[in-house]
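Notes to accompany the following structure.
The values are calculated or read from the model by the stated rules, or taken from the named source; none is laboratory data. As the structure is a prediction and not an experimental result, all values here were calculated from the model. When we count neighbours, we look across all protein chains shown, and the Cβ atoms used for this are built from the backbone with ideal geometry, even at glycine.
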Amino acid sequence: MRGCSAVFLLLHACTHPYLLDAPQDANAELIINEELITNSGQFILLDKMLVKLSKTNYKVLIFSILMTFLDVLEAICEHQNYDYIIFDGNKNFEERIDANPMIDIQEQDRAYCIGQTKLVVVYRFIVRNTIDEHVSREESIRFD
């Protein structure tokens, strides 16, 4: 991750430490185990939600501006035996990141555009005392 901005690195670290430096096996593949979940507060919460939701008919859509997040999420879904599909774009980080609280509404609208007819609930994970909280606070100020 040489040459990345400090904000970019902080967002990665805040989401999951494996996004900065993931443990790999001899074949340079991500080591898939419980630590994928337990090393990140956001993933601990996400896993608890997914365990509950997997026992229902609810579908889950997860949006992220971090492509590497999707790689770790995919490994967790495989480890937990969840059925999943990953759709990703080819935009770079700077094109994707948008400090705008309307993004949540756009993501909700996107869910309806791909055929969702039932209620969509958006959860946004924000880690206290981190870059996440700072960015969220700045978004709120700009939106008001």
| request: Of the numbered conditions (1) part of a helix (DSSP H, G or I); (2) under 12 Å from the mean Cα position of the chain (by Cα), LEU53 fails exactly one; give the number of that condition. | output: (2)
| query | Only one of SER5, SER40 is loosely packed, with under 14 Cβ neighbours inside 10 Å and under 19 Å from VAL135 (Cβ atoms); which? | reply | SER5
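Counting just the residues of the range 60-82 that are of a type outside the set (S, T, N, Q) and in a loop (DSSP other than H, G, I, E, B), which one comes out farthest from ASP109 (Cα to Cα)?
Within the range 60-82, the subset of a type outside the set (S, T, N, Q) is 60-63, 65-67, 69-79, 82.
Checking which are in a loop (DSSP other than H, G, I, E, B) leaves us with 60-63, 65-66, 82.
Values: VAL60: 14, LEU61: 12, ILE62: 13, PHE63: 12, ILE65: 17, LEU66: 20, TYR82: 25 Å.
This residue is TYR82.
So which of LEU19, LEU10 ends up being surrounded by 15 or more Cβ atoms within 10 Å (Cβ to Cβ) and under 15 Å from ASP71 (Cβ atoms)? Walk me through it before giving the result.
Values: LEU10 fails: under 15 Å from ASP71 (Cβ atoms).
Within the list LEU19, LEU10, the selection yields LEU19.
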| request: Could you run through the range 52-94 and say how many residues are basic (Lys, Arg) and at pLDDT below 80? | output: 2
| Those residues of the range 4-40 which are within 16 Å of the chain's Cα centre (by Cα), of a type outside the set (A, V, I, L, M) and part of a helix (DSSP H, G or I), in sequence order | PHE8, HIS12, CYS14, THR15, PRO17, TYR18, THR38
| said: Exactly one condition in (1) surrounded by 15 or more Cβ atoms within 10 Å (Cβ to Cβ); (2) under 14 Å from ALA75 (Cβ atoms); (3) hydrophobic (A, V, I, L, M, F, W, C); (4) at pLDDT below 80 is false for ILE31; which is it? | reply: (1)
